[in-house]
Amino acid sequence: MKARLHQLYMDQIRDELGQQLGIDNPMAIPRLEKIVINMGVGQAVNDKKLLDDASEALTLIAGQKAVITKARRAIAGFKLREGLAIGCKVTLRGARMYEFMDRLLTLALPRVRDFRGVSAKAFDGQGNYSLGLTEYLVFPELNPDKFTRSQGMNIVFVTTAATNDHGRELLRMFGMPFRDAPAGGKGNQN
């Protein structure tokens with residue numbers, strides 16, 4: 001059985017988006033390609049257990065094992081050496097991607113304190129959207145007694161959209177709670 005949001009895309013969003021954007025070719029209609037979740041753990045330089053906890057939490061949130069990311073360069077001011085483990089990430093595709101997006105939109109974002117929607121301006125110029133969460137405990141999969149340390153994360157929605165406006169419209173149809181529309185229709189600005 002397909003994920004709920006994937007079924008919604010196939011049955012409804014794809015046709016509506018194609019009509020709205022004036023795209024006849026079904027393969028040219030924007031779609032969600034992948035979701036990348038990244039957690040940078042700066043204190044992992046001093047305490048390896050923090051990175052292990054963050055990796056375990058990210059695995060629980062995503063439903064897929066997290067990959068440890070390493071520093072590419074040495075930065076003396078941060079006591080950082082090249083190749084040192086400093087974070088973790090997960091790349092979701094297919095059914096897991098749609099299931100994660102469903103949980104994010106229906107369960108996690110409404111649990112954010114003083115939530116008034118996400119910014120509609122965090123696009124990169126090619127229709128990809130970045131979202132930052134300051135607290136990972138908004139996900140109900142995590143036990144607050146076990147994961148006591150506050151940790152943030154970045155979530156990137158990679159789409160096949162050619163412009164920010166097309167990507168924004170795709171995510172809006174999925175139910176992304178955008179707070180404000182960009183002024184003046186300047187969709188390609190950040």
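Quick notes on this structure:
- Among (1) aliphatic (A, V, I, L, M); (2) in contact (Cβ under 8 Å) with a residue 12 or more places away in the chain; (3) surrounded by fewer than 16 Cβ atoms within 10 Å (Cβ to Cβ), the one test that Met101 misses: (3)
For (1) in contact with a Pro (Cβ under 9 Å, 6 or more places away or on another chain); (2) assigned to a loop (DSSP other than H, G, I, E, B), each residue gets a yes or a no:
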{"residue": "Lys49", "(1), (2)": "no, no"}
{"residue": "Arg72", "(1), (2)": "no, yes"}
{"residue": "Gly87", "(1), (2)": "no, no"}
{"residue": "Thr91", "(1), (2)": "no, no"}
{"residue": "Met101", "(1), (2)": "no, no"}
{"residue": "Leu107", "(1), (2)": "yes, no"}
{"residue": "Phe115", "(1), (2)": "yes, yes"}
{"residue": "Glu141", "(1), (2)": "no, yes"}
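- Residue, surrounded by the fewest Cβ atoms within 10 Å (Cβ to Cβ), within the range 41-65, restricted to residues that are within 30 Å of His166 (Cα to Cα) and either among the charged types (D, E, K, R) or free of Cβ contacts under 8 Å to residues at least 60 places away in the same chain (or both): Gly63
- Taken over the range 66-93, the criterion of being β-branched (Val, Ile, Thr), more than 23 Å from Pro140 (Cβ to Cβ) and touching a residue at least 40 places away in the same chain (Cβ under 8 Å) is satisfied by Ile86 alone.
- In this entry, Val112 passes the filter for residues that are free of Cβ contacts under 8 Å to residues at least 40 places away in the same chain, touching a helix residue (DSSP H, G or I) at 6+ places or on another chain (Cβ under 7 Å) and under 19 Å from Ile35 (Cβ atoms).
- Scanning the range 115-142 for residues that are among the acidic types (Asp, Glu) and either touching a residue at least 24 places away in the same chain (Cβ under 8 Å) or exposed (fewer than 13 other Cβ atoms within 10 Å of the Cβ) (or both) gives Asp124, Glu141.
- The range 143-161 residues that are of a type in the set (Lys, Arg), paired with ones that are at pLDDT 85 or above (beta carbon under 7 Å, 6 or more apart): Arg149/Asp53
The values are calculated or read from the model by the stated rules, or taken from the named source; none is laboratory data. Note that the structure is predicted; figures quoted are calculated from it, not measured. A quick note on method: Cβ atoms are made from the backbone with ideal geometry, for glycine too, and the neighbour counts reach across all protein chains shown.
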